[in-house]
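Reviewing the structure listed below.
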Amino acid sequence: MILFNRVIILIIIFFSLTNFSYSKIKLGIIMKIDNEIITTHDIEQEINYLKALNPKLDQIDRNKLLMIAKNSIIKEFIKKKEIQKYKKLDLQNSQIDNVLNNLIQNLNLQNENQLINYLDNYDFSIEKLKKKIEIENEWKNLIYSKYIKTVKIDKEELIKKIEKSSGDKSSLEYNLSEIVFTKKKDSTLDELFSDIEESIEKNGFENTANLYSISGSAKVGGKIGWVKKNSLSNIIIDKLDSLEKGQYSSPLRIDNNFLIFKINEIREIQIEINKEKELDKMIFIETTKQLDKFSNIFYNKIKLNSEISEF
């Protein structure tokens, strides 16, 4: 009986070790961010999440997809760590539902149940999606609280733009996508733009946004959505006037970064301008643009304090 029990124990140990070895293979360690271990499972989940937001990512090669997923995980981890210095993440953010509703519309779905079914196709849960949305929202709240007093809005200039177009009966709206990038010290702007153009030709604009853009819109293929022409800066309007539907611009310098935008659709709308509401919209757009700039600066600053190791 004693011998039989020992045999059973040895068999259990053997299968435990076998399963452990299999788990190590299946859940291999990809990288380490500070004290956080990132496994192959984490990477696959991130890929599923990114594909759900931009299904066209299926068209790019595996190595590029892995790079996008790694960068996305790093960015989220660093943001989450900074947020948790000030706030507990408990899914109590009231903005989550608003973002979910916008996502449902962008994916041409009808309701949250359809979104749940859609995510199931990518082996991704709505609970995980809500956690990611919460991190992004709380990051925006953090940036707002840190930098809102630094934002400078030229209201007089905005009022002039409104007055200039106040007599118009119709206006153009553009459905735009963007790629916002920073020039590296070891390459020229022409070289980097050439690489981006090559990627657009090979992978499409949306996937190239995932690969190169530092904007928050990168996760959804750089999509901005519908924007009124008169709410854009003069430098962008000048470029828009020289482009047609489906075309993209050459790089525009925006502070320390560069912007490439693509026209997805153009439509003419009848307008009746409420000057007060229009001013509020334009102030919001300009404020968001400046806060995005501060967001990138602050993120790059705190990233320097993180220890990232790849295996």
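The values are calculated or read from the model by the stated rules, or taken from the named source; none is laboratory data. All values derive from a computational prediction rather than experimental measurement. Methodologically, a virtual Cβ is constructed for each residue, glycine included, from the backbone with ideal geometry; neighbour enumeration extends over all protein chains shown.
Observations, loosely collected:
- Residues of the range 61-93 classified as in contact (Cβ under 8 Å) with a residue 24 or more places away in the chain, of a type in the set (A, V, I, L, M) and either outside any loop (DSSP other than H, G, I, E, B) or buried (at least 20 other Cβ atoms within 10 Å of the Cβ) (or both), total: 7
- Residue that is β-branched (Val, Ile, Thr), over 16 Å from the mean Cα position of the chain (by Cα), under 25 Å from residue 224 (Cβ atoms) and outside the structural domain of residue 233 (by TED's automatic domain parsing), where the choices are 126, 116: 126
- Tally, over the range 172-202, of residues that are in contact with an Asp or Glu (Cβ under 9 Å, 6 or more places away or on another chain) and under 18 Å from residue 50 (Cβ atoms): 2
- Residue within the range 196-210 that is at pLDDT 90 or above and closer than 20 Å to residue 282 by Cβ present: no
- A single entry from 259, 176, 192 fulfils the requirement of being touching a Leu at 6+ places or on another chain (Cβ under 7 Å) and modelled with pLDDT of 90 or more: 259.
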